[in-house]
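See below for the structure under consideration.
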Amino acid sequence: MSATTLDNPLRAGIRLERTTEPCVVVIFGATGDLTKRKLIPALYRLVQERLVPAEFAVVGASRTEMSHEEFRARMRDAVAQFAEGGIGDEQVWNSFAEKLHYATLDIGTAEHYGPLAELLTRIDAERGTQGNRLFYLSTAPSLYSEAVAQLGRAGLARSERGWVRVIVEKPFGTDLESARQLNREIHQHLDERQIYRIDHYLGKETVQNLLVFRFANGIYEPLWNRQYIDHVQITNAETVGVEGRGGYYEKAGVVRDMLQNHVFQVLSLVAMEPPASLDAEAVRDEKIKAMTAARPFTPERVRADCVRGQYGAGAINGQGVPGYREEEGVAPDSATETFAMLTMYFDNWRWSGVPFYLRSGKRLAKRVTEIAIQFKSAPHQLFGQEMMEQVTPNQLVIRIQPDEGITLRVAAKVPGQVTRIRDVNMDFRYGASFGVKLAEAYERLIFDCLLGDPTLYARTDMTERGWELVMPILEEWAATKSDAPFPNYEAGTWGPRASDDLLEKAGRHWRRP
Amino acid sequence: METRKQKDETGVAVTETRGVDVARLERELSAMWRENVEESEGTAAGEAGVTRVCVANLIVFAPPVEGRDGIDALLEEVTAHTPCRAVVLLADADADAAALDAYVSTRCQPGPRGAKQICGEQVTIEAAGRAVENLATAVEPLLVPDIPTFLWWKDIPHYEDKLFARLVELSDRVVIDSASFDHPLPDLRRVARLVGEHPRLALSDLNWGRLTTWRNLLAGFWDVADYREHLDRLDTVEIEYTRPAAAPDQTAAQALLLAGWLASRLGWELAAAERYSPANVEAETFRLSAAGREFTLSLRAVEGAGEESSITVREVRFARVGGEAEFHTRMSRDQTKLETGARVGGAQSVGRVVSYEARTEGERLSREMALLARDRIYEEAVAAVVRIIESPRGS
């Protein structure tokens, strides 16, 4: 919570929601897809929820020449189309639209920043936004560094009387060196506390619930270690293909696109030690500590513990879909991986010897992201093989999307004269238990940034550690790309057979989500 | 035994069995669940069965005038947000003959896009005459263990009533609605006393919930650093309200609660009462002080179309003399929006329009069921308004 709210005696009481300080949100890339699909709908939702004050404004900035009115009209269409509740009350929209402004700005042109600064000063005077600025870089990644440098040179990276924060979208670099370079360049103008590297997975309710689930319940944490857990599976599966982004994806692949950021963030929350407090730095310290203990990949380990895949033609939900190499913008002999499976180990007391199996891919059988904690079998088989044949060890499944919830699989006696045992699920579903719509990830994350809470954002060391871990994989796969047996899985399946084989060799199998 | 099944137009399935005694209710409920599951297994693809969910016990006490239909409709809304076991008590203590009758039903809400239906369950007990006295003993065995229990006392709390006292003991939280008070100030005084005498009692007031948006917006002014200093230098605070339907000659409970909240949070004390008369509540004005500085609080009744509405506060204004600063929050005529404005010195007014979501009683009740801890801010607000308004009368 910000300092001003603490100083407000009327804010006392847990039933009053947090609201942000006055500020202006400046969106670079205001004509882009993310702005209309996610950012403006999220900001409008914050307004509808009364989570931002009256002293609030949004400035869209982009190269396209446009008036304030044209920008307002475009954003109105965007909200009508993409916000879940649409425009809602016209007066509420009009009140929000008055706070929308537009600035024509080419990121690389220094002369464009003077008029932007003047506009922001004018908004401060008219709307009482008090010099607080949030710059949202929703641009091509190649422009992040330039945008920050221009802000710095124009004096916009500091505010005389308020704060300046910058949200940087993913991808944060394309490899370890580029990530380090980007960090160096950004740090020339901004302190780390001003930088908010967004990972929208961390905005999801179930991901946040991981902290609560692990550390607010007394019964799980004692079991959360090598003594009781056999292995962990993290599945991040998409049914979509590259959706017209073949050009981008060819250079990225699933390791860069999903694993080293989203999946590693989730992984760190599962593997971390309890933080001393919920302070952002305390939480982020524990996350990086866990990831530092992750065993590095060597070329041998890549060959033994990792699997890459690329989808061929197949069917999703009964509809035929083309293979990756037939997608627009994709080379017919592409060696880009659309599926990756990693076996990770943490060399520390808690997790020694416990494999973490991670898989992420496109065009898989089902859209799902989940964490499955597989506990060890009961130490003594009291009930005998015949009775136990339908029983698998206890499993705790944390579903991140869709249908957010938590399931614990336990063995139970089938009613009857003889003892038969079967698995049953104890289910908690957000939708059923709370009956509320979960907030969009962007809504939550932007709100946190406005509050100055970086807990759910990635810190420099975490982004670089992610790259450090995956670089040997990317390098090994690049060196052996001609050996890649692509395509090696059919669209609509759970990835290449090798992924199943790798678990089966260890006497385990992938859960079918 | 009589069994009735129905599905209304909203898709809510209700199965009822009447004529069973209280001890058999659990068995009847179990049978109904089995039947629901069997029925759902026989449905077309897309209706994927039922999930029995129970996150709380909800005891509803209602006087006979309430009738079952209104409560059933309300519980349908509650189930949609907070699936629970509801134990509805319809009590007629004045009846000559003692009687105790019970019904059980399951209450299902269709899940989104073919997902499982979410089902809660309801036990309704009708008690008459002397049977009312022992009603609490019938309730206790029906509560699902290890989950929170809420008592919704859908009446003015009868604090000396044995039944109320027993039910309070069974509950983690008691929900009342001060909008229904026919003597708001004396009734709030009784609430204050109840809270004082039961240190473990957590109390919810639906009427306080209606003020949450108001309080949030009013507090929002002082989140702004440039405005903050004016909070300690106000000269006038005005609260306008429409007369409550339940007590047309009284000050609205909402206005009292809002005044109490401001007083408790800002340390207001009575300096002098210039005027207070419950029989003439056009404008009550109080001379208050805080941190050695005096100012005026006015509670003003205004004509309005919303007399039947549960939203009675119309406008709140804070001002410094000479137009140095003025802050207001005002309800729109159609009661769907709140408009705020802040003007300091000669600057133009900064404001906004936000929606005021008119929640149903069921939705408000569900929101209260998300809370367990005592609401000390509410308790202090009630205590403060009673202290301020009652002081001159007692002196």
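Could you pull out every one of the aspartates and glutamates with an alpha carbon less than 12 Å from that of residue A:170, ignoring same-chain neighbours closer than 8 positions? Those aspartates and glutamates meeting the cut-off are A:199, A:257. Our compactness index for the protein assembly as shown, the C-alpha radius of gyration over the empirical 2.2 N^0.38 Å, is 1.05. By the Cβ-Cβ criterion of under 4.7 Å, the unpaired cysteines of the protein assembly as shown are A:23, A:306, A:449, B:54, B:84. Restricting attention to the protein assembly as shown, close to 60% of DSSP beta bridges with both partner residues there are antiparallel.
Taking beta carbons within 10 Å but only from partner chains, what does the mean come to for residues B:211-223? Walk me through the numbers on the way to the answer.
Working: counts 0, 4, 2, 0, 5, 10, 4, 1, 10, 14, 5, 7, 15.
Partner Cβ neighbours, averaged per residue: 6.
Suppose every Lys and Arg Cβ carries +1 and every Asp and Glu Cβ carries -1, with no other charges. What dipole size does the protein assembly as shown come out with about its Cα centre, to the nearest 20 debye?
Details: 109 positive and 134 negative charges, 371 e Å.
In total the dipole reaches around 1780 debye.
Each of B:31, A:172, A:112 was placed along the dipole of the protein assembly as shown (beta-carbon charges, centred on the mean Cα), and the one lying farthest toward the positive end is A:172. Peptides A:170-176, A:239-245, A:502-508 ranked from most to least packed give A:170-176, A:239-245, A:502-508, packing being the mean of other C-beta atoms within 10 angstrom over each peptide's residues. Measuring against 26 Å, Cα to Cα, the residue pairs A:38/A:362; A:36/A:287; A:204/A:287; A:287/A:481; A:251/A:289; B:154/B:337 contain A:36/A:287; A:287/A:481; A:251/A:289; B:154/B:337 as the ones spanning a longer distance.
Arranged from highest to lowest average of other beta-carbon atoms within 10 Å per residue, in what order do the peptides A:82-94, A:33-45 appear? Write down the numbers at each step before the final one.
Details: A:82-94: 15.3, A:33-45: 21.6.
Final packing ranking: A:33-45, A:82-94.
Among the residues of A:89-97, the average count of other protein chain beta-carbon atoms within 10 Å of the residue beta-carbon is 4. If both residues of a DSSP beta bridge must be in chain A, then about 55% of such bridges are antiparallel.
Ranked by how many other Cβ atoms sit within 10 Å of their own Cβ, fewest first, the residues A:298, A:493 fall in the order A:298, A:493. Enumerate the aspartates and glutamates that residue A:413 could reach by cross-link, defined here as Cα to Cα under 17 Å, with residues fewer than 8 away along the same chain left out. Of all the aspartates and glutamates, those that pass the test against residue A:413 - Cα under 17 Å, at least 8 places apart if same chain - are A:386, A:389, A:423. Of all DSSP bridge pairs formed entirely within the range B:209-390, close to 85 percent run antiparallel. Put a plus charge on the Cβ of each Lys and Arg, a minus charge on the Cβ of each Asp and Glu, and nothing anywhere else: the dipole of the range B:209-390 about its Cα centre is then about 320 debye. For the peptide A:51-61, the mean number of other protein chain Cβ atoms found within 10 angstrom of a residue's Cβ is 4.
Taking Cα pairs under 8 Å and at least six residues apart, what relative contact order does the range A:1-117 come out at, in percent?
Values: 140 pairs, mean separation 32.1, N = 117.
Reported as a whole number, the value is 27 percent.
Computed packing ranks the peptides B:139-146, B:212-219, A:178-185 as B:212-219, A:178-185, B:139-146, most packed first, by mean other Cβ atoms within 10 Å.
Each value in this text was obtained by applying a stated rule to the coordinates, not by laboratory testing. Everything numeric here is computed off the predicted structure, so don't read it as measured data. All Cβ positions, glycine included, derive from the backbone under ideal geometry; neighbour counts span all protein chains shown.
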